[in-house]
Amino acid sequence: MSDSRLGAEVKIDFSRIKRDIAELSKIGRRSEVDPGLYRMAFTDADMEGKRWLLNRIEEADLLPVSDGAGNIFGKIIPEGPAAKKPSVLVGSHIDTVPCAGTLDGSLGVVIGLECLRAIRASGVPLARPLELVAFSDEEGRFGAMFGSEAFCGFISPSRLRERDLEGISLSEAMLSQGLDPSAALDAARPRGTVDSYLELHIEQGPVLDSAGEQVGIVENITGLFKWQVRLVGDANHAGTTPMEMRNDAFIGLADFAHEISRILEENGGEHSRATIGTAQILPGSANTVPGMVEFSLDVRDTSEAILEELKNAFRKALSAIARRRKLKFEFDELSSIKPIDADARLVENLEDCAKNLGLRYRRMPSGAAHDAQMLARIAPMGMIFTPSRGGRSHSPEEWTSWEDMEAGARLCLEVLLKRVQDPKDLI
Ligand SMILES: [Zn+2]
């Protein structure tokens, strides 16, 4: 398609994608018997991954750059006035959670790299710069999306004091790798210099795989709120306190857990999710009536209005249960992130290209957070999902079939070609 239009051959070489995935999946292994990857942000393995990527970028005759947040770029800057136009960015991240699989983030970076290699080799004239990016610490060793947050200009010095689970601060981790942490504050890209951001990522859920579809076109990324809730009753002897005279905090939690599906039905939408992921019964002895329960509540939706409605409904339900069970309740809001939409023009572009390529696709929300969420606050954003076999992710089991990876790569290339040849800015 693009071939005949341009008179130049721009083609993905899928064997190079396969080779890159294989090479990158060797970086961050701890032992022969453990299939997981351990490439957490600013560890030696993560830095080795970044060096590997810089080598690939140089090999492909792209301009290698790393910024103060440790983000890695590979750029194609066209000649003349086009060099000054806002850039198209494509990428994701190569850091991992502990005991990770091989594709989360990395697939988007490897496919982005191949798209740039293909475009570079074809000599297709570009109307604007094109950049591959791998953002630092998407997975959250230090609070998640540090690289994209710095790139978008949203960090302050206090961010550098954030600590990982072992008590090491982000500053310390960067220093130990020879990086100057304060330089992260200079990583912000000036406003108006990013035309658009495209990210390909594995779905990390079962929807595409179970429907037999090859790609997902993300319409929006869910927002969420996270509460830490405490129900307080009276701890008492399990033998001597009659049932009707108890203020049993655990029964309050049980009541609440049962109400979740009703609340989602009445106040939620099609994409609402609510999860109690942790719970602690106190004082925690078998022969004591629970005096307190502390639990997490994680609620997600793609609509800000629905999230607000769910907040009210959960608060009301907790207060009614507390009254009925003679408990007190309180909660802290640990985080609250607004949902964000993909750019409607990019969604349309992606859909047109998917149709032209004859791909089986669907429009869908993203239930997981991504760098794209951060980028969408400063530039038009589009996302492509590839199917996760069995819906598995954050696990060595995570996989996408080669055919589906190739389908995602072809779609990514088509949309990038459209963007980099379009002299009209999206921003
Ligand atoms: Zn990811």
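What about Ala150, is it more than 20 Å from the chain's Cα centre (by Cα) and among the hydrophobic types (A, V, I, L, M, F, W, C)?
Working: more than 20 Å from the chain's Cα centre (by Cα): no; among the hydrophobic types (A, V, I, L, M, F, W, C): yes.
Criteria not met by Ala150.
Evaluation of Glu166 against the conditions (1) among the acidic types (Asp, Glu); (2) part of a helix (DSSP H, G or I); (3) open to solvent by 20 Å² or more (accessible area, probe 1.4 Å) shows that the sole unmet condition is (2). Residues that are within 16 Å of the ligand (Cβ to nearest atom) and in contact (Cβ under 8 Å) with a residue 60 or more places away in the chain occur at least once in the stretch 328-337.
Going through Ala274, Ala286 one at a time, which residue ends up being over 24 Å from Pro339 (Cβ atoms) and assigned by TED's automatic domain parsing to the domain that holds Lys328? Can you show your working first?
Numbers: Ala274 fails: over 24 Å from Pro339 (Cβ atoms).
It is Ala286.
Only residues that are within 15 Å of the ligand (Cβ to nearest atom) and either among the aliphatic types (A, V, I, L, M) or outside the structural domain of Tyr197 (by TED's automatic domain parsing) (or both) were counted in the stretch 345-380, giving 5.
Considered as a group, the residues in the stretch 59-100 that are within 16 Å of the ligand (Cβ to nearest atom) and in a loop (DSSP other than H, G, I, E, B) include one that is farthest from Trp402 (Cα to Cα), and that residue is Asn71.
Could you say which residue among Leu103, Leu107, Leu37 is within 16 Å of the ligand (Cβ to nearest atom) and either touching a helix residue (DSSP H, G or I) at 6+ places or on another chain (Cβ under 7 Å) or open to solvent by 10 Å² or more (accessible area, probe 1.4 Å) (or both)? Steps first, answer last, please.
Numbers: Leu103 fails: either touching a helix residue (DSSP H, G or I) at 6+ places or on another chain (Cβ under 7 Å) or open to solvent by 10 Å² or more (accessible area, probe 1.4 Å) (or both); Leu37 fails: either touching a helix residue (DSSP H, G or I) at 6+ places or on another chain (Cβ under 7 Å) or open to solvent by 10 Å² or more (accessible area, probe 1.4 Å) (or both).
Testing whether each residue is within 16 Å of the ligand (Cβ to nearest atom) and either touching a helix residue (DSSP H, G or I) at 6+ places or on another chain (Cβ under 7 Å) or open to solvent by 10 Å² or more (accessible area, probe 1.4 Å) (or both) leaves just Leu107.
Answer with yes or no whether Ile57 is surrounded by 18 or more Cβ atoms within 10 Å (Cβ to Cβ), at negative phi and within 22 Å of the chain's Cα centre (by Cα). No; evaluated as a whole, the condition is false for this residue. Considering Ala173, Ala183, Ala134, the condition of being in contact with a helix residue (DSSP H, G or I) (Cβ under 9 Å, 6 or more places away or on another chain), in a helix (DSSP H, G or I) and crowded, with 18+ Cβ neighbours inside 10 Å is satisfied by Ala173 alone. Summed over the stretch 208-262, residues that are of a type in the set (A, V, I, L, M) and under 30 Å from Gly358 (Cβ atoms) total 6. Filter the stretch 110-123 down to the residues that are closer than 21 Å to Val194 by Cα and open to solvent by 10 Å² or more (accessible area, probe 1.4 Å), then identify the one that is farthest from the ligand (Cβ to nearest atom). My answer is Arg120. One residue stands out in the stretch 179-206 among those that are of a type in the set (A, V, I, L, M) and under 17 Å from the mean Cα position of the chain (by Cα): the one that is farthest from the ligand (Cβ to nearest atom), namely Leu198.
If only one of Arg323, Arg315, Arg273, Arg300 is closer than 30 Å to Ala368 by Cβ and free of Cβ contacts under 8 Å to residues at least 40 places away in the same chain, which one is it?
Arg315
The values are calculated or read from the model by the stated rules, or taken from the named source; none is laboratory data. Just so it is clear, the structure is predicted and the values come from calculations on it, not from any experiment. We place every Cβ from the backbone using ideal geometry, glycine too, and count neighbours over all the protein chains shown. Calculation scope for accessible area: heavy atoms of the full protein, side chains included, ligands and nucleic acids excluded. Shrake-Rupley method; radii C 1.70, N 1.55, O 1.52, S 1.80 Å.
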